[in-house]
Amino acid sequence: MIYSLITFRSRNDALAMRSYLSSRGVTSATVNAPRSLTQSCGLALKIQSVSSSTLVGLIKSCPSKVKCSLYQAYMGQGGIRYSLII
């Protein structure tokens, strides 16, 4: 795993999740969502050093019920690839 990436359907969801993760001590960076992950608002959160299972738990416990997808980035043939987690 290189990093985790959370994509969102709306910018409000992205900002709400970033705030929630920050309150839980998870550092994230707001980045442009990769074009290969087309069902998104254009924003994504890039998170390093946090396991997928921890992120799944945090996403499910978010009080604002944000609509998002969690991807695991890894090195594949030809560059970075993404695997859908939730």
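Rounded to the nearest percent, how much of the accessible area of the chain (1.4 Å probe, protein heavy atoms only) is carbon and sulfur? Don't skip to the end; give the middle numbers.
Details: 2460 of 5130 Å².
That fraction is 48 percent.
Around residue 32, under 13 Å between beta carbons, what's the net of Lys plus Arg minus Asp minus Glu among the other residues? Working shown, then result.
Working: positive: 11, 35, 46; negative: none.
Spelling it out: positives minus negatives among the neighbours equals +3.
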- Rounded to whole angstrom, the alpha-carbon centroid of the range 3-45 lies from that of the range 47-86 at a distance of 10 Å
- Item | Relative counts (whole %) of C-alpha pair distances in the chain, using bins that are 10 Å wide | 18, 57, 22, 2
- Note on the structure: Summing -39500 (n - 2.57) over every DSSP H run of at least 4 in the chain, dividing by its residue total and rounding to the nearest 500, the 222 nm mean residue ellipticity is -8000 deg cm²/dmol
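Cβ under 13 Å from residue 82's Cβ, residue 82 left aside: what net charge do those residues give with Lys, Arg +1 and Asp, Glu -1?
On the way: positive: 35, 46, 81; negative: none.
Once all neighbours under 13 Å are counted, the net charge is +3.
Would you mind calculating the relative contact order of the chain from Cα pairs under 8 angstrom and at least 6 residues apart, reporting the percent as a whole number?
After rounding, I find 39 percent.
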- Quick one: accessible area per residue over the chain, 1.4 Å probe, rounded to a whole number of Å²? 60 Å²
- Task: Have a look at 40, 86, 5 and report the one farthest towards the positive end of the charge dipole of the chain, computed about the Cα centre with Cβ charges (Lys/Arg +1, Asp/Glu -1).
- Result: 40
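The values are calculated or read from the model by the stated rules, or taken from the named source; none is laboratory data. Values in this document were obtained by computation on a predicted structure and should not be read as measured data. Reconstructed Cβ throughout: ideal geometry from the backbone, glycine too, with neighbour counts over all protein chains shown. In case anyone asks, the SASA skips ligands and DNA or RNA and just uses the protein heavy atoms, side chains included. Shrake-Rupley method; radii C 1.70, N 1.55, O 1.52, S 1.80 Å.
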